[in-house]
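Peer 1: Could you have a look at this structure, given as structure tokens, before my questions?
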Protein chains: 2
Amino acid sequence: MDIRQRLASNLRRLRGQHGWSQEDYADRAGIHRTYVSDIERAARNPTITIVEKLAVPFGVSASDLIA
Amino acid sequence: MDIRQRLASNLRRLRGQHGWSQEDYADRAGIHRTYVSDIERAARNPTITIVEKLAVPFGVSASDLIA
């Protein structure tokens, strides 16, 4: 599985576990909702600092998000 | 430690363990030597697909490189 697909899958799983809409999660991560939607479809190739921001609301590491 | 510094530190450590020059390593990773030099100084904010390429020569995961 490509690294973008792994990130997408991890985000969808974690967001579902927290019961957050993309909008809820985007607000918590400080990232635009459409960007979250794109990443969840593996349509983006984010930088590592963005991945770090994506990790914060879940209380996991950036490393966990791309594992 | 910022995620870029963690990546820089992991790259320098692994490259040292393998005894590779930046040039050797850049060739193995298929990435330009100056870009490797910049990343090792935490002066770049690479995308996750670049981190995946950086991981290949060491036989580790992209996740390991940003841990």
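Every number in this text was worked out from the coordinates using simple rules, so none of it is lab data. Small disclaimer: the values here were computed from a predicted structure and weren't measured. Methodologically, a virtual Cβ is constructed for each residue, glycine included, from the backbone with ideal geometry; neighbour enumeration extends over all protein chains shown.
Peer 1: Of a type outside the set (A, V, I, L, M) and surrounded by 17 or more Cβ atoms within 10 Å (Cβ to Cβ): is that true of residue A:6 in this structure? Can you show your working first?
Peer 2: Values: of a type outside the set (A, V, I, L, M): yes; surrounded by 17 or more Cβ atoms within 10 Å (Cβ to Cβ): yes.
In short, yes.
Peer 1: Which of the residues belonging to segment B:46-63 are of a type outside the set (A, V, I, L, M, F, W, C) and either surrounded by 15 or more Cβ atoms within 10 Å (Cβ to Cβ) or in contact with a Lys or Arg (Cβ under 6 Å, 6 or more places away or on another chain) (or both)? Let's see the steps before the verdict.
Peer 2: Initially, segment B:46-63 is screened for residues of a type outside the set (A, V, I, L, M, F, W, C), giving B:46-47, B:49, B:52-53, B:57, B:59, B:61, B:63.
Of everything in segment B:46-63, those that are of a type outside the set (A, V, I, L, M, F, W, C) and either surrounded by 15 or more Cβ atoms within 10 Å (Cβ to Cβ) or in contact with a Lys or Arg (Cβ under 6 Å, 6 or more places away or on another chain) (or both) turn out to be B:46, B:47, B:52, B:53, B:57, B:61, B:63.
Peer 1: If the Cβ limit is 6 Å and pairs must be 6+ apart or interchain, which residue in segment B:51-67 that is more than 9 Å from chain A (Cβ to nearest Cβ) and free of Cβ contacts under 8 Å to residues at least 60 places away in the same chain pairs with which residue that is among the basic types (Lys, Arg) and outside any loop (DSSP other than H, G, I, E, B)?
Peer 2: B:57/B:28
Peer 1: Now for a separate question. Looking only at segment B:11-51, count every residue that is in contact with a strand residue (DSSP E or B) (Cβ under 8 Å, 6 or more places away or on another chain) and not in a helix (DSSP H, G or I) and tell me the total.
Peer 2: Of all residues in segment B:11-51, those in contact with a strand residue (DSSP E or B) (Cβ under 8 Å, 6 or more places away or on another chain) come to B:45-48.
Going one step further and asking which of them are not in a helix (DSSP H, G or I), we end up with B:45-47.
Looking only at that region, the number is 3.
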